[in-house]
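Values in this text are rule-based calculations from the coordinates and carry no lab data. A quick note: this is a predicted structure, and the numbers were derived from the prediction, not measured.
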Amino acid sequence: MTIDGKEVSLDLPNKELESLGLDEYSTSPSGASIAVTNEGGGAFRSLIHIPNLESNGEFEFSFSNDMTLSSLPDGGVTVRDNKGDILGTLDAPWAIDATGASVKTWYEIRQSTIVQHVAPTSSTQFPVVADPFWIPFLGIMGGHLTRHALTQMAKRKITKELVEHVIKTGRGSKGNGNTTVFNGNGIRVIVDNVSGNVITVTKG
């Protein structure tokens with residue numbers, strides 16, 4: 001993929017994938033399968049289907065070696081190039097079973113690789129579905145709000161005015177990967193120190 005003229009390499013769990021149109025394949029020998037959907041504008045979703053408790057519960061997404069990965073408070077991950085510029089984010093992970101119940105899942109950062117862990121239990125009803133969502137950094141949107149931030153705000157019904165209020169009046173502290181975290185009114189706002197853009201917005 002290319003973002004603002006910068007080429008970004010990303011290996012999915014099975015390197016035989018050749019396109020991002022819609023390609024379902026098996027992550028042999030795990031028994032799980034993945035369908036990748038192109039969302040447009042460089043964004044894509046990887047729908048992971050886990051059929052049973054014996055299936056593999058670890059899925060690796062590997063970026064170019066010169067990328068720096070940092071965790072976000074909501075469980076997502078930012079990806080930066082060697083200049084410190086944000087190239088994109090992986091949205092906070094989620095997984096549900098056949099009844100719609102949440103299944104424990106989280107990202108682990110291993111240098112330039114993100115590993116999504118999915119941990120079903122004996123009470124989990126299969127199949128389990130997880131959905132890693134890559135969102136490229138598309139510059140300034142809506143007044144210093146990234147696409148990721150706008151997505152999170154829409155989910156949580158948080159207005160732009162409230163975000164601005166938290167930045168102006170909230171308590172600021174140092175965040176991961178050259179960011180500042182502002183807290184106020186039950187809202188957490190993560191701002192990139194390089195560009196000044198809001199990366200993500202969460203409640204808590």
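Expressed per residue, the C-alpha convex hull volume of region 147-203 stands at 72 Å³.
Couplings 3J(HN,Hα) for region 116-127, derived from phi with the Karplus relation 6.51 cos²θ - 1.76 cosθ + 1.60 (θ = phi - 60°), are 8, 9, 10, 10, x, 10, 5, 8, 5, 9, 8, x Hz, where x marks Gly and Pro. Amide H contacts under 5 Å for GLY175: THR180, VAL181, restricted to partners 5 or more places along the chain or on a different chain, H placed in the peptide plane at 1.01 Å from N.
With N residues in region 105-204, what two-decimal value do you get for its Cα radius of gyration over 2.2 N^0.38 Å? All intermediate terms of the calculation are to be shown ahead of the outcome.
On the way: Rg = 16.0 Å, N = 100, 2.2 N^0.38 = 12.7 Å.
Rg over 2.2 N^0.38 Å, computed on Cα atoms: 1.26.
How large, in Å, is region 66-164 by the Kirkwood hydrodynamic radius built from its alpha-carbon pairs?
Numbers: mean 1/r = 0.0664 Å⁻¹.
In region 66-164 this quantity evaluates to 15.1 Å.
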